[in-house]
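What follows is a set of notes on a single structure, which appears directly below.
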Amino acid sequence: VQLQASGGGVVQPGGSLRLSCAASGSIFSINAMGWFRQAPGKQRELVAAVTSGGGTNYADSVKGRFTISRDNAKNTVYLQMNSLKPEDTAVYFCNYLSVSGNYWGKGTQVTVSS
């Protein structure tokens, strides 16, 4: 499975960004896709995830600000990030999990700064 992420960038506090991640290869119909992030000097942490059945999970720090969604026909997951804060600055990694394994995309940098 290959993951192609896009959508990172620099935004001012309070701004918005949308991340996208498309999966290709041997995709199982039952899977979970999500986003993790890693800030300098910190461990990688879950931001949000969504299953192929539509179940979602969010980190407490992003609840009410971020929304994860997916298009199963396109094997693509989206992360809409609103009301961004400087503490959201990190490298964001797309993740795909199924019975075939756990896969990671290359990170995309999100910087929230005035």
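Overview of values
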{"item": "Check on Leu97, in contact (Cβ under 8 Å) with a residue 40 or more places away in the chain and outside any strand (DSSP E or B)", "result": "no"}
{"item": "Residue within region 62-78 that is in a loop (DSSP other than H, G, I, E, B), open to solvent by less than 20 Å² (accessible area, probe 1.4 Å) and closer than 19 Å to Gly8 by Cα present", "result": "no"}
{"item": "When residues of region 34-57 are limited to those that are among the hydrophobic types (A, V, I, L, M, F, W, C) and open to solvent by less than 30 Å² (accessible area, probe 1.4 Å), the one farthest from Leu97 (Cα to Cα)", "result": "Ala39"}
{"item": "Selection within region 3-33 - open to solvent by 20 Å² or more (accessible area, probe 1.4 Å), touching a Phe, Trp or Tyr at 6+ places or on another chain (Cβ under 8 Å) and either at pLDDT 95 or above or under 15 Å from Ser69 (Cα atoms) (or both)", "result": "Leu3, Ala5, Arg18, Ser20, Ala32"}
{"item": "Failed item in (1) touching a residue at least 24 places away in the same chain (Cβ under 8 Å); (2) over 21 Å from Gly14 (Cβ atoms); (3) part of a strand (DSSP E or B), with Leu46 passing the rest", "result": "(1)"}
{"item": "Flag if Ser52 is free of Cβ contacts under 8 Å to residues at least 60 places away in the same chain, within 20 Å of Val1 (Cα to Cα) and under 10 Å from the mean Cα position of the chain (by Cα)", "result": "no"}
{"item": "Tally, over region 95-114, of residues that are more than 16 Å from the chain's Cα centre (by Cα), open to solvent by 60 Å² or more (accessible area, probe 1.4 Å) and of a type outside the set (S, T, N, Q)", "result": "1"}
{"item": "Where Leu84 falls short, out of the listed (1) touching a residue at least 24 places away in the same chain (Cβ under 8 Å); (2) outside any loop (DSSP other than H, G, I, E, B); (3) not β-branched (Val, Ile, Thr)", "result": "(2)"}
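The values are calculated or read from the model by the stated rules, or taken from the named source; none is laboratory data. Keep in mind the model is a prediction, meaning the values are calculated, not measured. Cβ sites come from the backbone with ideal geometry, for glycine too, and all protein chains shown count toward neighbours. Each accessible area value is taken on the protein alone, full model and side chains, heavy atoms only, with ligands, DNA and RNA left out. Shrake-Rupley method; radii C 1.70, N 1.55, O 1.52, S 1.80 Å.
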